[in-house]
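Here's the structure we're looking at; comments come further down.
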Amino acid sequence: MNSGNNEETLARRIQELEAQAERLQIRLNEREHQTDTTFPGLPQEIIQELEEASYPELEESFRVFRRDITRYDGGIWTRQGAVNKIYIGELKKARVEAFGTVQAKYKDAERLRGAARAASDIFQAIQHILTRGGSDEDEEDLHQVMEKARRLAVYGFATSKQQDREA
């Protein structure tokens, strides 16, 4: 009698373990097939422009984009840096470690990607507001801002990719 009870308990326990193993296997398979659910996908409009535009088209778009950007006076924060002329001769003679230079390029590209991610966030937020609706005037202004954010995101991601290639 004891033997029958033990066999039933053992059989029940085996079934529970098999069911648990099956659930774990399903979860593992789902994780393997997921792209990376912790990060949202890049908006389709941005991916489309990055993938469909040729390099010369992107270059022309960048030239127009840079020309259209508002110029701000923020002192040292908005001025382009320059090498001090007294150091140019010494810098030309100096030998630079290649690894450090390449790493600096990748670091710069990653910073630019951060700006592009921020612009993508703005694009998606405005897109959400527009789908919600509003007044005609607000809608027109939001469309203009959304277009600027989209252009900034495309510029940022494409430029960072270009820096990766140059590195």
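Being in contact with an Asp or Glu (Cβ under 6 Å, 6 or more places away or on another chain) and either in a helix (DSSP H, G or I) or not aromatic (Phe, Trp, Tyr) (or both): is that true of Ala109 here?
Considered against the rule, which asks whether it is in contact with an Asp or Glu (Cβ under 6 Å, 6 or more places away or on another chain) and either in a helix (DSSP H, G or I) or not aromatic (Phe, Trp, Tyr) (or both), Ala109 comes out as yes.
Residues of the range 149-163 being farther than 16 Å from Glu59 by Cβ and open to solvent by less than 30 Å² (accessible area, probe 1.4 Å), which ones?
Ala149, Ala153 - these are the residues of the range 149-163 that are farther than 16 Å from Glu59 by Cβ and open to solvent by less than 30 Å² (accessible area, probe 1.4 Å).
Going through Ala94, Ala104, Ala115 one at a time, which residue ends up being hydrophobic (A, V, I, L, M, F, W, C), within 24 Å of Pro56 (Cα to Cα) and modelled with pLDDT of 80 or more?
Ala115
Hey, can you tell me all the residues within the range 106-148 that are farther than 25 Å from Arg67 by Cα, open to solvent by less than 50 Å² (accessible area, probe 1.4 Å) and not small (Gly, Ala, Ser)?
Hit for the range 106-148 is Leu130, nothing else.
How many of the residues in the range 29-74 are in a loop (DSSP other than H, G, I, E, B), open to solvent by 100 Å² or more (accessible area, probe 1.4 Å) and modelled with pLDDT of 85 or more? Give the steps one after another, and end with the answer.
Here is the first cut: in the range 29-74, the residues in a loop (DSSP other than H, G, I, E, B) are 34-43, 53-54, 69-74.
Then keep just the ones that are open to solvent by 100 Å² or more (accessible area, probe 1.4 Å); that gives 35, 37-40, 71-73.
Subset that is modelled with pLDDT of 85 or more: none.
Residues in the range 29-74 being in a loop (DSSP other than H, G, I, E, B), open to solvent by 100 Å² or more (accessible area, probe 1.4 Å) and modelled with pLDDT of 85 or more: 0 in total.
The values are calculated or read from the model by the stated rules, or taken from the named source; none is laboratory data. What you see is a predicted model; the values in this text were computed from it and never measured. Positions of Cβ are backbone-derived with ideal geometry, glycine not excepted, and every protein chain shown enters the neighbour counts. Protein only, heavy atoms only, side chains kept; ligands, DNA and RNA dropped before computing areas. Shrake-Rupley method; radii C 1.70, N 1.55, O 1.52, S 1.80 Å.
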